[in-house]
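Encoded as structure tokens, the structure appears first; notes follow it.
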Amino acid sequence: MKRLLFGLAVAALAAPAFSQSPDEVLVVVNKQSALSTSVGSYYMSRRAIPRANLCVISTDPREEITRAVYASDIEKPIGDFLRKRGLEEKILYIVLTLGVPLKIGGNGDGIHNDAASVDSELALLYARLHGREIPLAGPAVNPFFRQRDVPFRHPLFPMYLVTRLAAQDLHDTEALVDRALAAKNRGVFVIDARADNSTEGNSWLRTAAMLLPKNRVVFDDSAKVLANIPNVIGYASWGSNDSARRHRFLNLHWLPGGIATEFVSTDGRTFARPPDDWDLGSWNNGSTQFAGSPQTLATDYIREGATGASGHVYEPYLIGCPRPDYVLPAWATGHNLAESFYVGIPALSWMNIVIGDPLARLQ
């Protein structure tokens, strides 16, 4: 068994680094948001994105919108932009900016809900531009899920990889871009399973640890919460769904290029900045919640120094969360940030967001 696991680790770490180009990135800014315009300008300058790849939309910058507003103010103008310029195939990555709406409110129960993140819905724009009709209720299959050895390209994968340059303020968002450009393949992967082993999430965390170089992994599956760790390049955990965790910040010392993913239902619910004294709360006490939830926030990892993170705007269920056993090994072997997260995300038209520069890569 040890020999087999070693073989898997070697195979994963031998994967080639796939190329990417600024020409393949579409940047979307909302002209009704000064923050959005600033972020787009900063990113395009730092990454040398062609001016022809700037798509300007106009919509109320509120975070939650209706399906009708999404269709008219976001999907249609972006689709029209790509068509008119003949960019449907060339563009692989769509970058949304702070000030572009975040989530689409919906109806329905459980897995049949038709709510979604703007980002995950927009990932299906490629398929829709090619005439596919995709039901709104429930998650759609991500064709790139688990494709760890195949570079993302069109038309093999009929979707766009959508990420978001956004954080709790402009300074943190620009810092995301700077750290992406400084990313190096060094440091440790912190993987914190919880003591309760009743769901398969712990299995995914253990597998991630086995697929990474042993000397670069800090792993724990006790009731202890891993914190105060230096030189972090990757992090995966249950977040506030680990009953032992009490605080929103873990005092992780992030290297440029560090990414975070966790099994938390609402960690991408908002980009608003909480009060400095807010900490993790309880579902039973509304006064302890922020933006309608007591749970951890993906943006707190960015504020602490991470370069990328995943999150969920509404309940994704465990099966809809990014799989760390795909995300972290992909990141460690030179896949870019967008590929690394989307290879581990099972569904589109669902609740997921990916924060960060899609072209970021550990050099």
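The values are calculated or read from the model by the stated rules, or taken from the named source; none is laboratory data. Small disclaimer: the values here were computed from a predicted structure and weren't measured. Don't worry about glycine lacking a Cβ; one is built from the backbone with ideal geometry, like all the others, and counts go over all protein chains shown.
What the table shows:
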{"quantity": "Criterion violated by Ile319 - all others in (1) assigned to a loop (DSSP other than H, G, I, E, B); (2) among the hydrophobic types (A, V, I, L, M, F, W, C); (3) closer than 24 Å to Ala193 by Cβ satisfied", "calculated": "(1)"}
{"quantity": "Extreme residue, surrounded by the fewest Cβ atoms within 10 Å (Cβ to Cβ), among residues of region 32-68 that are in contact with a helix residue (DSSP H, G or I) (Cβ under 7 Å, 6 or more places away or on another chain) and among the basic types (Lys, Arg)", "calculated": "Arg46"}
{"quantity": "Candidates Thr299, Thr261 - the one that is modelled with pLDDT of 95 or more, within 22 Å of Pro101 (Cβ to Cβ), touching a helix residue (DSSP H, G or I) at 6+ places or on another chain (Cβ under 8 Å) and not in a loop (DSSP other than H, G, I, E, B)", "calculated": "Thr299"}
{"quantity": "Condition check for Gly268: outside any loop (DSSP other than H, G, I, E, B) and either free of Cβ contacts under 8 Å to residues at least 24 places away in the same chain or closer than 20 Å to Val95 by Cβ (or both)", "calculated": "no"}
{"quantity": "Selected residue (criterion: farthest from the chain's Cα centre (by Cα)) from residues of region 314-363 that are of a type in the set (Val, Ile, Thr) and surrounded by fewer than 24 Cβ atoms within 10 Å (Cβ to Cβ)", "calculated": "Thr333"}
{"quantity": "Residue in region 253-269 that is charged (D, E, K, R) and surrounded by fewer than 21 Cβ atoms within 10 Å (Cβ to Cβ) present", "calculated": "no"}
